Amino acid sequence: MSTPKAPRSGYHHGDLRNALVGAGVALATKGGPQEVVLRAVAREVGVSPTAAYRHFANREDLLHAVRLAALARLAGAMEQEVIAGKRRRDPVEDAVRRLRALGAGYLRFALAEPGLFRMACCDTSAQTADFSLVSDSRAFALLTEVIDTLAGHGLIESGSRPYSEMAAWAPIHGMATLLLDGLLDALPPRQRQAAVDRVIEVTVEGLCGQGVVADAGRSWTRRLWSPERKRESGPGERP
């Protein structure tokens, strides 16, 4: 039987729960939700499994806490993408820009942190997924805020407003899944970027109308692929 590590100095007495959640986030970063188990996080922190069970009734309880932390990281990435973009003076154009940026931030996080992304947005329960974790998150609130703004400006009709968050989320999440599962690996980076751009564009057009999207311009996104891979070109393309 393995003995626990010496307790780490990264937490104070009474803050063990946060330390265990932090260890869970680190394990999820490395290997996704399947790596997050009570014995493993206890070992990482340097305490006994019994000590971990004082803070989490079972693995599902731990997964819930780690998933909340992962969702917070996702929201931070989405907000950062909005901040990094150039704000438009026209409130309609800026709302469209923000919607695009949220999609790009979502995809960027998925590619940069696949383990945490799966922890945040995929089913982590052996029984059933709890959508309220996502719907109550800051990431979902960011999407709701921008869609409410678009609806307030008349870009989304009142009768079409319900479930618009799902209409925007589904294609972006689907693209993230295709990228993470490797189904688009055969595409050269330039074509993958074009596919990402097109998915976000179609998503925004579907919600807001093609005319508004065209008026807002298309120089909205930073590339998702690393600079050294930009030099690769697809069949028949000039590098």
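Details
- Accessible area expressed per residue, the stretch 43-90, with surrounding protein chains retained (probe 1.4 Å, Å²): 57 Å²
- For the stretch 89-180, the dipole from Cβ point charges (+1 on Lys and Arg, -1 on Asp and Glu) about the Cα centre works out to 260 debye, to the nearest 20.
- Only Lys, Arg (+1) and Asp, Glu (-1) charged, at Cβ; the stretch 77-121 dipole about Cα centre in debye: 140 debye
- The residues Arg198, Arg98, sorted by heavy-atom accessible surface at 1.4 Å with ligands and nucleic acids left out, run Arg198, Arg98 from largest to smallest.
- The apolar share of the surface of the stretch 137-199, taken as the fraction of accessible area on carbon and sulfur atoms (1.4 Å probe, ligands and nucleic acids excluded), comes to 59 percent.
- A straight chain from Asn18 to Met166 at 0.36 nm per residue would run longer than the Cα-Cα distance by 50.1 nm.
- With every protein chain in place, the stretch 57-123: carbon and sulfur % of accessible area (1.4 Å): 51 percent
The values are calculated or read from the model by the stated rules, or taken from the named source; none is laboratory data. Please read these numbers as outputs of a predicted model, since none were measured by experiment. As a convention, Cβ positions derive from the backbone with ideal geometry for all residues, glycine included, and neighbour counts pool all protein chains shown. These accessible areas exclude ligands, DNA and RNA; they are computed on the full protein's heavy atoms, side chains included. Shrake-Rupley method; radii C 1.70, N 1.55, O 1.52, S 1.80 Å.
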